Amino acid sequence: MVRTDLLAMLVPAMPLLGTLIIGFGRRKFTANTAGGLATVLVALSFVLTLVLFLGHHGERHIVHLFNWITVGEMQIPFTFQIDALSLWMMLFITGVAALIHGYSIGYMHDDPRVATFFAQLNLFTFAMLLLVMGSNFLVTFIGWEGVGLCSYLLIGFWYKTPEFNYAGRKAFVMNRIGDVGMVLAMALLFLQFGTLNYAPVMDKAGLMAPNNPVVITATLLLFLGATGKSAQIPLLTWLPDAMAGPTPVSALIHAATMVTAGVFLVVRSSVLYELAPYTQQIVLWVGVATALFGATVGLFQNDIKKVLAYSTVSQLGYMFAAMGVGAYSAGMFHVTTHAFFKALLFLGAGSVIHALGGEQDIRKMGGLKNTTRTTYVTFLVATLAIAGIPPLSGFFSKDSIMAHAFQESPLAYALLVFAAMLTALYMFRLLFLTFFGTYRGKAHPHESPRVMTVPLVVLAVLSAVGGVLNIPHIFGGNEWLKHHLITAADGVANEDLALSAATEYGLMALSTILVVLTIWYAWTLYGKKTTLDGEPADMPFLKRLIAKRWMLDELYAYLFERPFSWLSRHLFTLGEAKVAVPVTVGTGEAAQGFGEWLRKLQNGNTSFYLFGMMLGMVLLLLITLLSA
């Protein structure tokens with residue numbers, strides 16, 4: 001156990017050490033030195049996690065670092081929980097982060113603040129590890145806020161551009177809205193159970209009857225927090241704007257770290273959600289709606305990173321739909337496969353942008369499959385995986401979610417299949433317009449250096465074979481990931497499918513056929529494009545509405561930004577200009593005037609000073625006599 005404790009403490013300590021060393025020595029480090037050190041330390045975290053994982057036998061182990069908060073009966077230690085769920089999250093967080101760090105050495109080598117970038121990237125990894133390793137809600141919340149802070153720093157990393165600063169602020173503010181739900185949920189759970197440690201909270205909650213108002217309220221508040229971090233309706237508009245950051249940041253945020261935090265929180269709290277069917281229904285339909293929202297908007301984006309951003313929104317919708325039907329291991333399976341192919345897609349997009357000297361508009365690309373061969377092949381693998389083509393990883397994870405959705409609600413299943421078809425359409429639109437046809441830009445395309453393409457190849461292999469982690473029984477598998485997680489998330493034990501093998505085969509065949517037909521349709525539209533003009537100004541109303549992201553940002557501006565701006569201006573006029581400023585200035589002027597008057601008493605006359613002393617003594621004597 002001492003060995004486990006030491007290894008567990010070293011896992012987050014490695015990226016934290018990198019943050020401190022690179023942060024304080026950033027003016028002395030070269031790009032390669034800073035990037036190499038940051039990458040090695042995160043890779044060491046991965047190795048240490050792998051050792052922990054291989055030595056784990058299903059038991060829950062608490063690593064006590066120090067006593068943290070002790071106020072009356074409130075005792076909250078700073079502890080880590082090492083179990084199947086935390087170890088699984090730690091594995092792909094550190095593994096994918098190490099690949100992204102290595103890729104960043106090539107991508108960011110010309111940036112003058114590259115050392116600061118790697119320090120912040122290490123800090124991001126540390127915060128995410130803290131989030132998933134915490135043994136109580138409060139330690140998790142420290143990591144939760146840490147990734148929020150790091151996302152603000154990294155999204156606005158190129159701070160000299162005002163739009164990038166706005167994107168960072170937007171992510172920060174919208175996450176704080178969700179965090180209010182998280183804080184209120186922790187307060188409610190502490191009042192109800194007297195602790196914030198996961199194990200006793202879940203044990204005590206398990207004794208309660210379903211649909212208890214306290215549990216329903218707590219799960220709704222926790223889900224509010226999850227909608228902020230994991231970009232679900234209504235708190236999703238920050239995620240596409242997060243593309244303002246460097247491409248490796250987009251890959252890290254969208255693949256294996258911040259956006260999966262909400263899914264992790266629901267799985268960690270699965271006992272509570274199993275007792276709140278009403279909340280589960282809300283989670284299901286919010287997930288379905290988010291999947292459709294992201295898929296529809298992705299159809300009309302022309303920025304290569306924006307297409308992938310809305311793809312992430314849509315895939316997160318699938319994960320929360322899984323949470324809503326109680327398919328926790330299926331959701332975590334999709335979290336894992338998504339980490340592989342989405343990191344690959346973003347890094348592939350970064351390779352394309354690098355090859356074209358910073359160009360991100362797919363209307364100015366085309367014909368790159370011959371000049372950027374490695375990028376093209378790996379990007380194709382990721383595209384097939386996210387579309388759900390067998391036997392790639394995305395097929396198994398997405399099919400598992402849709403099978404559970406069919407069992408719960410055929411309508412939810414139908415909508416998710418439609419979203420899968422849209423996914424295939426916008427992803428192959430992106431692939432064809434980028435790599436096929438003729439080149440429509442002005443730069444001179446070239447393949448990226450090996451430091452960037454090697455991570456692409458590794459992720460492509462994982463995207464291709466990642467499905468073996470949870471092959472279903474009908475294909476001769478034993479659903480390994482599900483059995484692995486069952487010891488850490490009690491809700492996993494209740495998610496068995498009651499569908500016949502024939503039904504499962506039929507559902508798989510239906511979704512695969514529809515996706516293949518959609519890919520063929522995408523080829524007929526975009527496969528041989530030689531020119532591509534901008535969207536027509538007189539496009540139909542619905543198409544224009546979707547292209548403008550369903551005008552969700554405009555709606556929020558009308559409902560919230562404008563009223564609050566108006567209120568702020570008027571409060572400034574009334575409260576600040578007419579009350580606070582006069583009171584502050586008047587107080588200062590009064591104190592200055594009183595000081596000037598007192599100064600006149602200091603006239604240098606000894607007789608006057610003696611008279612003042614006698615007068616004071618007489619006054620003190622009178623006060624003493626009158627108070628006796």
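Descriptive notes on the structure:
- Residue check: F436 meets all listed conditions (1) surrounded by fewer than 24 Cβ atoms within 10 Å (Cβ to Cβ); (2) more than 19 Å from T375 (Cα to Cα); (3) in contact with a helix residue (DSSP H, G or I) (Cβ under 9 Å, 6 or more places away or on another chain) but one, namely (2).
- Among the residues of the stretch 12-33, those that are of a type outside the set (A, V, I, L, M) and open to solvent by 30 Å² or more (accessible area, probe 1.4 Å) comprise F24, R26, R27, K28, F29, T30, N32, T33.
- C150 meets all of the listed conditions (1) crowded, with 22+ Cβ neighbours inside 10 Å; (2) not in a helix (DSSP H, G or I) but one, namely (2).
- Some residue of the stretch 338-348 being surrounded by fewer than 24 Cβ atoms within 10 Å (Cβ to Cβ) and assigned to a helix (DSSP H, G or I): no
- Restricting the search to helices (runs of 4 or more DSSP H) fully inside the stretch 400-492 and requiring at least 3 residues that are at pLDDT 90 or above gives 410-435, 450-465.
- When the test is whether a residue is part of a helix (DSSP H, G or I), out of contact with any Lys or Arg (no Cβ under 7 Å at 6 or more places or on another chain) and either touching a residue at least 12 places away in the same chain (Cβ under 8 Å) or not aromatic (F, W, Y) (or both), I76 does not pass it.
- Residue within the stretch 49-66 that is under 24 Å from the mean Cα position of the chain (by Cα) and either at pLDDT below 90 or crowded, with 24+ Cβ neighbours inside 10 Å (or both) present: yes
- Among the residues of the stretch 197-229, those that are at pLDDT 90 or above and of a type in the set (S, T, N, Q) comprise N197, N212, T217, T219, T227.
- Unmet criterion (only one of (1) of a type outside the set (K, R); (2) more than 30 Å from D361 (Cβ to Cβ); (3) open to solvent by less than 90 Å² (accessible area, probe 1.4 Å); (4) part of a helix (DSSP H, G or I)) for D553: (2)
- Checked against (1) more than 23 Å from W520 (Cα to Cα); (2) modelled with pLDDT under 90, T374 passes all but condition (2).
- Only one entry of G102, G95 meets the criterion of being among the small types (G, A, S), in contact with a Gly (Cβ under 9 Å, 6 or more places away or on another chain) and surrounded by 21 or more Cβ atoms within 10 Å (Cβ to Cβ), and that entry is G102.
- Just one of the listed residues (T217, T227, T247) is over 24 Å from L459 (Cα atoms) and open to solvent by less than 10 Å² (accessible area, probe 1.4 Å), namely T227.
- Some residue of the stretch 534-541 being open to solvent by 80 Å² or more (accessible area, probe 1.4 Å) and either touching a helix residue (DSSP H, G or I) at 6+ places or on another chain (Cβ under 8 Å) or modelled with pLDDT of 80 or more (or both): no
- Residue within the stretch 76-84 that is out of contact with any Ser or Thr (no Cβ under 6 Å at 6 or more places or on another chain), closer than 30 Å to V492 by Cβ, surrounded by 16 or more Cβ atoms within 10 Å (Cβ to Cβ) and acidic (D, E) present: yes
- Residue that is farthest from D361 (Cα to Cα), among those in the stretch 415-449 that are of a type in the set (V, I, T) and within 32 Å of the chain's Cα centre (by Cα): V417
- Each residue in the stretch 67-95 was checked for being β-branched (V, I, T), modelled with pLDDT under 90 and in contact with a helix residue (DSSP H, G or I) (Cβ under 7 Å, 6 or more places away or on another chain), and 1 of them qualify.
The values are calculated or read from the model by the stated rules, or taken from the named source; none is laboratory data. In this text the structure is predicted, and so the values were computed from the model without any measurement. Backbone-built Cβ (ideal geometry, glycine too); neighbour counts: all protein chains shown. Areas reflect the complete protein model, heavy atoms only, side chains present, ligands, DNA and RNA absent. Shrake-Rupley method; radii C 1.70, N 1.55, O 1.52, S 1.80 Å.
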